[in-house]
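**Student:** Questions regarding the structure given below will be posed in turn.
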Amino acid sequence: MEKRVLVVEDEPNISEALRFILTREGWKVDVSADGKSMLGMLQADPPDLLILDLMLPDLSGFDILKVLRAGDGTRELPVLMLTAKGQAADRVEAERLGVTRFMTKPFANAEVIAAVREMTAP
Amino acid sequence: MVRPALTGTRIRARRNLRGMRQAELAREIGVSASYLNLIEHNRRKIGPDLLGALAQVLGVSVDALVEDGDSRLVEGARAAAERSSIDQAELERIDEFTGRFPGWAKVLAETQARVERLERVVEQLNDRMTHDPYMGEALHEIISAVTSVQSTATILNDAQEIEPDWQARFHQNILQDSARLAEGAVALVNYLDAGKSEETGLAAPQEEVEAWLAQRDFHLPELESEALDPAQLVAGQIELSSEASRTLAVQWATQFRADSRALPLARFLSALDRVGVAPEIIADEFGVPFDQVLRRFALLPRDALTGRGLPVPGLVICDNSGTILFRRGIDGFALPRFGGACPLWPLYQALQRPFVRLRTPLATAGRLGRPFVTYACSTTRVEMGFGMPTVLQATMLILPADSVTTETESIALSVGASCRTCPQMTCAARREPSILMTAI
């Protein structure tokens, strides 16, 4: 069965590039530009992987992560957090909240693909 | 001939070895204890006669007290060992090390000096970056555009075939992001240039006022008398390049004039000579608020302070939002450039107890922490009327501990500049991790 990834990223050109490289990797890619609208859907029908931007217009990536880690169906969901804020404090907070992988922008495409493969390896 | 720095450190060490009190040695050589204190802290140069007298009383040769190249190496190596987390340096053999390997010792001393310089730069840059929301926002925008360009360019450069419509979209995206990148960069440069005076290289109005005051050594002699109006003094000052900085400068100058009227210079100095560093007694004698004495003390003419063997103090003022309104730095007690200071400062404790006078011995955090004594108090800055909030203003005067007392006071409080640059990892008041451990 085709694996599904949800990309939550408010920069449309970044999410388009991510959609392209992940589709080419065989993923079915859904994209959302904000946190609130996808949260209910994400909890009802979790994807196999979530790529989450830290700074979103409504909820922050931290807020979303907190909700996911508290829910039964999403507690173990692999989450790759992307951020333009590379501060140590953000990484520490993300790890405290249970992020699977933390990556700072700008990232290399190959780096994202390698992380995704590693995070979803059987 | 004047002697270089660090001679004082040697004098202090020799005195301690002999078990002499500072006052005792001062009496023997015919100077005041406070003057000897300044010499021992390398804040006063010392002439040959006094040096000879000191050497005689301490029972050593003059050469033993004068700093030379070797002692610089020893001090450098010692500083490196004290700052290191590896507690294995053979400090008792430090003379042997610098004597046998002067080249290596020089490298170590220079490396240590460089580390300290870099740490200061990191502190300043970090302070500016993290506490400046506009810059944070602008950099975020630029990084986002760079990410998109890099990711898209990699796709286009890939050996694999890309369908024409995808190709066209990616070209369009790159064009868009390049324009955004250029706009972001221009906006950032404009922001950094805005309000910046070429003379000072500073940006914010408050910084301009502080730089203007610093150039005048934080004293405005024109306003000690009735001769000049604060607005006249500020007009035409090239350091004050914006309307905002001129407005702040007029406010500050008006305050200075009010302070100097309430506490006339000659009478204030005479009180200082009589009672010493006792702002509480001076406030009571003159019948003025405590914080007015603290400001007046911190902004005395330099000569008036040093001539009395007193150090030039530091001063910080904030309102009850914690925003720092004024700062005059003092060596060894770092003051952050933008808000976010150490919550343990007596300055903030004073806000919790308005009108209560606080005298607090404290030490700066870290292996080489230095002792200070602070005097602090908060008073009403603005009364906004019934049912409205009251705006408080807290003032803190900072003095090196040894200039205030010759006795050793027990110090329970250790403070930093801000959490981000504070080396005290286990502090319960910490707001966020320190970059000194995570980045260096």
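**Student:** Shape of chain A from its Cα gyration tensor (a ≥ b ≥ c, root eigenvalues): rounded if a/c is under 1.5, otherwise prolate when a/b > b/c, or oblate? List each step's numbers first, then the result.
**Tutor:** On the way: a/c = 1.28, a/b = 1.08, b/c = 1.19.
Rounded, because the longest to shortest axis ratio a/c is under 1.5.
**Student:** Let me ask something additional. How about segment A:39-122: which trypsin sites (Lys or Arg not before Pro) there lie in a loop by DSSP and see at most 12 other Cβ atoms within 10 Å?
**Tutor:** Answer by residue number: A:75.
**Student:** Related question: Loop by DSSP (not H, G, I, E, B), at most 16 other beta-carbon atoms within 10 Å: where is the longest site-free stretch of chain B for chymotrypsin sites (Phe, Trp or Tyr not before Pro)? Mind showing how you got there, number by number?
**Tutor:** Details: sites that count: B:355, B:386.
Between exposed loop sites, the widest span is B:1-354.
**Student:** Which of B:56, B:251, B:349 ends up with the largest GNM mean-square fluctuation for chain B, with Cα atoms connected below 10 Å?
**Tutor:** Among B:56, B:251, B:349, the largest mean-square fluctuation in the Gaussian network model of chain B belongs to B:56.
**Student:** Also, quick follow-up: Cα centroid distance between segment B:325-364 and segment B:18-93, in Å?
**Tutor:** Using only Cα atoms, the two centres lie 31 Å from each other.
**Student:** Sticking with this one: Let me check against my output: what whole-number percent is the relative contact order of segment B:301-438, with C-alpha pairs under 8 Å and at least 6 apart?
**Tutor:** Values: 266 pairs, mean separation 34.4, N = 138.
RCO, segment B:301-438: 25 percent.
**Student:** Rounded, prolate or oblate: which fits segment B:288-440 when a ≥ b ≥ c are the square roots of the eigenvalues of the alpha-carbon gyration tensor, with rounded for a/c under 1.5 and prolate only if a/b beats b/c? Kindly include the intermediate steps, with their values, before the conclusion.
**Tutor:** Details: a/c = 1.82, a/b = 1.09, b/c = 1.67.
Taking the square roots of the gyration eigenvalues as a ≥ b ≥ c, segment B:288-440 is oblate.
**Student:** Quick one: of the DSSP bridges fully inside the protein assembly as shown, what percent are antiparallel, nearest 5?
**Tutor:** Details: 28 of 48 bridges.
Taking every DSSP beta bridge with both residues in the protein assembly as shown, the antiparallel ones total about 60 percent.
**Student:** Here is a follow-up. For every other residue with a beta carbon closer than 14 angstrom to the beta carbon of residue B:394, add +1 if it is Lys or Arg and -1 if Asp or Glu, then tell me the sum.
**Tutor:** Neighbourhood net charge equals +3.
**Student:** Can you check what the net charge comes to around residue A:101, using other residues whose Cβ is under 13 Å from the Cβ of residue A:101 (Lys, Arg +1; Asp, Glu -1)?
**Tutor:** Working: positive: A:91, A:117; negative: A:95, A:111, A:118.
Spelling it out: positives minus negatives among the neighbours equals -1.
**Student:** Hey, another quick one. Which whole-angstrom value gives the distance between the alpha carbon centres of segment B:202-275 and segment B:372-398?
**Tutor:** 20 Å
**Student:** On each of the three principal axes of the Cα atoms of the protein assembly as shown, give max minus min coordinate, whole Å, ordered largest first.
**Tutor:** That gives 93, 71, 46 Å along the principal axes, largest extent first.
**Student:** When B:317, B:281 are ordered from fewest to most other Cβ atoms inside 10 Å of their Cβ, what list results? List each step's numbers first, then the result.
**Tutor:** Working: B:317 22, B:281 14.
Ascending Cβ contact count within 10 Å gives the list B:281, B:317.
**Student:** List A:19, B:261 from most exposed to least, where exposure is judged by having the fewest other Cβ atoms within 10 Å.
**Tutor:** Details: A:19 17, B:261 12.
Placing the least packed residue first, the sequence is B:261, A:19.
**Student:** Also, quick follow-up: Ignoring GluC sites (Glu not before Pro) that are buried or in helix or strand per DSSP, and keeping those with at most 15 other beta carbon atoms within 10 Å, what is the longest stretch of chain A between them?
**Tutor:** Working: sites that count: A:2, A:25, A:76.
Between exposed loop sites, the widest span is A:26-75.
**Student:** A further question on this structure: What does the convex hull of the alpha-carbon atoms of chain B project to on average, in nm²? Working shown, then result.
**Tutor:** Values: hull surface 123.8 nm².
Convex hull of Cα atoms, orientation-averaged projection: 31.0 nm².
**Student:** Report the residue, chosen from B:60, B:404, B:209, that carries the largest GNM mean-square fluctuation when chain B is represented by alpha-carbon nodes joined by springs under 10 Å.
**Tutor:** Taking springs between Cα atoms under 10 Å, the residue moving most is B:60.
**Student:** Listing B:171, B:41 from the residue with the fewest other Cβ atoms within 10 Å to the one with the most, what is the order? Present the calculation step by step, with values, prior to reporting the outcome.
**Tutor:** Details: B:171 12, B:41 17.
Ranked by crowding around the Cβ, least crowded first: B:171, B:41.
**Student:** Nearest 0.05, what FRET efficiency do residue A:75 and residue B:163 give at R0 = 45 Å with Cβ-Cβ as r? Write down the numbers at each step before the final one.
**Tutor:** Working: r = 39 Å, r/R0 = 0.87.
That gives a FRET efficiency of 0.70.
**Student:** Follow-up. What longest region of chain B stays clear of GluC sites (Glu not before Pro) that DSSP places outside H, G, I, E and B and that have at most 15 other Cβ atoms within 10 Å? Walk me through the intermediate numbers first.
**Tutor:** Working: sites that count: B:90, B:161, B:198, B:199, B:226, B:407, B:409.
Longest run free of exposed loop sites: B:227-406.
**Student:** Let me ask something else about it. Suppose each label sits 7 Å from its Cα in the direction of the beta carbon; what would the residue B:411-residue A:2 distance come out to in nanometres?
**Tutor:** That separation, rounded to one decimal, is 6.7 nm.
Read-outs: derived from the displayed coordinates by stated rules, not from any lab. Here the structure is a predicted model, which means the values were calculated and not measured. Cβ sites come from the backbone with ideal geometry, for glycine too, and all protein chains shown count toward neighbours.
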